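Below is one structure, written out as C-alpha cells, with a few remarks after it.
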Amino acid sequence: MAGYLFVAPQMLGVLLFVLLPVGLAIYYSFNTWNVFTGEMTFNGGSNYSDLVNDPQLPKVLLATLIFSGGVVVLNLSVGLLLAVLLNRRLPGVTAFRAIFFSPVVVSVVAWTLVWGFLLQDNGGINGLLSVVGIDGPNWLQQGPTAMVSVIFAQVVRSVGVNVVLFLAALQGVPRELYEAARVDGANSRKVFFGITLPMISPTLLLTGVITVVGALQAFAQIAVLTQGGPGVSTTVLVYYVFQQAFEFNNIGYGSTLALMLLSFVLVLTILQWQLRRKWVFHEE
Amino acid sequence: MKSDVLVRRGVWYLALAVLCLPFVVPTVWMVASSFKPLREIFASPPTLLAKNPVVGAYSEAFAFQPFGRQYFNSVYIAVVVTVIVLLVSSLAGYAFARIRFPGRNVLFVIVLTGLLVPSETTIVPLFQMFKRAGMINTHWPLILVTSFAAPCVLATFIMRQFFIALPLELEEAARLDGLGRVAIWWRIGVPLSKPAASAVAILTFMSSWNLYLEPTVYLTTPKLFTLPQALTRFTDAYGGNMWNVQLAGASLTVVPVLLVFVLAQRQFVEGIAHSGLKG
C-alpha cells in the first residue's frame, strides 16, 4: 500500500499534465476550432490532409532537419574534442573546464539576447571583423548565415553539459587498456578509435538522445534571435507549432503539427535505442 | 625531449585559449557593455571595457518595468518548483527503487513517458485546461506543470537510480528498530540522498528559470512576468531594443543561478563526505 501512496503524486502529475494533454491534442487534431465561439467541430481528419497541402511545411521540416542535425553533429564532435583536450592534469585545466561550462549558467534568453546583440549588422562580431579588414555579413538577416548563427549560439550554450558527461566517461576508461595498447605499439589515432571511442559509446548514445530531443525542442533561441526568419529559413517545427496555435489561432492544425513533433521524438528515441546493439560497446 | 613536452603543452594551451573565446566573450561583453553609455556600445572599433563606466542602465531597468517584481517572480517560482520536485521525486524514486508492489514496473514506464513528450506538444491543451480552471494570467500553470511533468520525471529517474545503489543494510537496521516506511524514507533515505538531490535541485531550478514558451503563453500582465519574458520587453516605442538596459537586466539574471551552483555544489561534496558513500 505504501508503494502506491509514495508514487501517487508523481503518477497523478504525469496523468494530468502529460498524458491527458496528449489525449486532448489528439482530439483537437481531428477538429476545427472556431475562434469566435470557442467551439470544436469534427472535421474528419482534414488537418492531416492539410499537412500534405501546406506549402510552408516542407521548408519548415528542412529547417528543422538542418538545425537539429547541425546542433547534434557539432555538439557531439566539439563536445568530444573539448573533453579529450580537457582530460589531462595540467595547471589551469579546471579553469578551462569552468569556462566551457559557464554559458549553461547564463539563462537561455539572456544568452540568446547577447548573441543577437553581437550578430547585428553593426554589432560586436562585425566590429571585430572590421578590425582585420573583413566586411561581415548582416548575420541574422540572410537565410544561410541566420541558420548558421542560431546553430552556433545553441551549440556554444549547450555543449558544456556534454563535455562534463564525456569527461566523466573518459575518466572511467581503465588505464590498463591504454598501457596495453602502448605496449603493442598502437599510435594515438588507433588508441582513440580502437579503445577510447568504443569504451565511451554508451555515454555517446545517452548524450546523442538528449541532444537530439533538446535540439528538436529549441524554442526560445529561435523566438528571440530570428523569429523564424528571414522568411521561414529558421522556422523549426516547434516555432511553427507556436505560430499556428497561438498567433494564427489554428488550434486544430497546431495540435496536428505538435503530434508530428511528438512522433519525431518517439521514432528517434526508439531508433537510437534499437541501434545501440549495433554500435554501443559492452564489456563482457 | 624536455622541449618537446613544452611545445606540446604550449599547443594545448593555445588551442584551448582559442576555443574558449566564443564561450567567454558573450558573457564578458554582456557585463562590460551594461556599464557603457548607449553610444559607446556600438563604438567602432569596438571597445571591451567602458571608458567611463555608468550604472544608469541598471536603474533604468527597474524604472522601465516592474523588474524587481519580475525578478522576485522568477526566484520564488523556481524555489517552489524545486522544493515540490525534490519531495515528489524523492518519494516516487524511493518507492520505485525499494518498495515491492504489484504493477510497479508498469507504473514506472508510464511515468517515464513524461520524459519523451515535448512541452510544445502539450501546451495547447494545457492552455485550454488552465483557461477552464481560471488559472490563465496566474503563476499556477508555471508551478504545476514544471513540478510534475518532464523535470520531475527526470528527477524521479535520478532518485530511483540513486536509491537502487544504496546498501540495503541501512534500511534493514531501521526496520528492526521498528520504523515504518515513511519514517525510513524520511530519516534514512532523504538524508543519504543529498548528492542526488543536489543534482536534481540544480536541474530543476535551471529548467524553471529558463522557461520561456510557457510564461509567454500563460501571462499577459507585466507585473506577473518572469525574467526571460521581461528581458525581451526592454524595447523603445518603435520596437527597437534598448540594448544597454537589456544587457544590464540580462547580467542580473545570472546571479541566482550562480548562487544555486555554488550552494548545491558544496552540498554535493558534503553529501558524499557525510553519507558514508565514500568507502
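The values are calculated or read from the model by the stated rules, or taken from the named source; none is laboratory data. Here the structure is a predicted model, which is why all the values come from computation and not from measurement. Glycine also receives a Cβ, built like all others from the backbone with ideal geometry; neighbour counts cover every protein chain displayed. Side chains are part of the model used for accessible areas, which takes the heavy atoms of the whole protein and leaves out ligands, DNA and RNA. Shrake-Rupley method; radii C 1.70, N 1.55, O 1.52, S 1.80 Å.
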Subject >> Kyte-Doolittle mean at least -0.5 and Cα axial length at least 18 Å: DSSP H helices in chain B >> reply: B:2-19, B:67-98, B:104-116, B:119-132, B:150-165, B:194-209, B:254-274
**OP:** Report, to the nearest 10°, how far helix A:20-29 tilts away from the longest principal axis of the Cα atoms in chain A, using its own Cα long axis and a range of 0 to 90°.
**Re:** 60 degrees
Subject >> Inter-chain Cβ neighbour average for residues B:206-216, partner chain, 10 Å >> reply: 4
**OP:** Quickly rank B:76-82, B:5-11, B:133-139 as a protection proxy: mean count of other C-beta atoms within 10 Å, highest first.
**Re:** B:76-82, B:133-139, B:5-11
Subject >> Spread of Cα-to-Cα distances over 10 Å intervals beginning at zero, given as percent, for region B:107-260 >> reply: 9, 27, 28, 21, 10, 3, 1, 0
**OP:** Taking just the C-alpha trace of chain B, give me its Rg and Dmax in Å.
**Re:** 23.9, 75
**OP:** Distance between Cα centroids, region B:77-127 to region A:96-133: provide it in whole Å.
**Re:** 36 Å
Original post:
Okay, helix-only estimate at 222 nm for chain B: each DSSP H run of n ≥ 4 adds -39500 (n - 2.57), divide by all residues, round to 500 deg cm²/dmol; what do you get?
Top reply: -22000 deg cm²/dmol
**OP:** Express the Stokes-Einstein translational diffusion coefficient of chain A in µm² s⁻¹, to the nearest whole number, given a Kirkwood radius over alpha-carbon pairs, 10 °C and a viscosity of 1.306 mPa s.
**Re:** 72 µm²/s
Subject >> Per residue accessible area of chain A, 1.4 Å probe, in Å² >> reply: 47 Å²
Original post:
What accessible area, summed over both chains, is buried at the A-B interface (1.4 Å probe, Å², nearest 100)?
Top reply: 6700 Å²
Subject >> About the Cα centre, charge dipole magnitude for region B:97-185 (Lys/Arg +1, Asp/Glu -1 at Cβ), debye >> reply: 300 debye
Original post:
What FRET efficiency comes out for the pair residue B:63/residue B:137, r = Cβ-Cβ distance, R0 = 22 Å, nearest 0.05?
Top reply: 0.40
**OP:** Of all alpha-carbon pairs in region A:23-73, indicate the percentage at a distance above 12 angstrom.
**Re:** 72 percent
**OP:** Compute the normalised compactness of region A:59-193: alpha-carbon radius of gyration over 2.2 N^0.38 Å, N being the residue count.
**Re:** 1.33
Original post:
When the chain is fully extended, how far beyond the present Cα-Cα distance does residue B:48 get from residue B:9, taking 0.36 nm per residue of separation?
Top reply: 11.2 nm
Original post:
Using the alpha-carbon centroid of each, what span in Å lies between region A:194-236 and region A:49-94?
Top reply: 4 Å
Original post:
With +1 on each Lys and Arg Cβ and -1 on each Asp and Glu Cβ, how big is the dipole of chain B about its Cα centre, in debye rounded to the nearest 20?
Top reply: 200 debye
Original post:
Magnitude of the Cβ-charge dipole of the protein assembly as shown, K/R +1 and D/E -1, about the Cα centre, nearest 20 debye?
Top reply: 1120 debye
Subject >> Bins of 20 Å from zero: percent of alpha-carbon pairs in the protein assembly as shown >> reply: 18, 52, 27, 2, 0
Original post:
Can you pull the percent of the protein assembly as shown's accessible area that's carbon plus sulfur, 1.4 Å probe, other chains left in place?
Top reply: 68 percent
**OP:** Compare the Cα positions of B:54, B:189, B:246 along the charge dipole of chain B (+1 at Cβ of Lys, Arg; -1 at Cβ of Asp, Glu; about the Cα centre) and return the one farthest towards the positive end.
**Re:** B:189
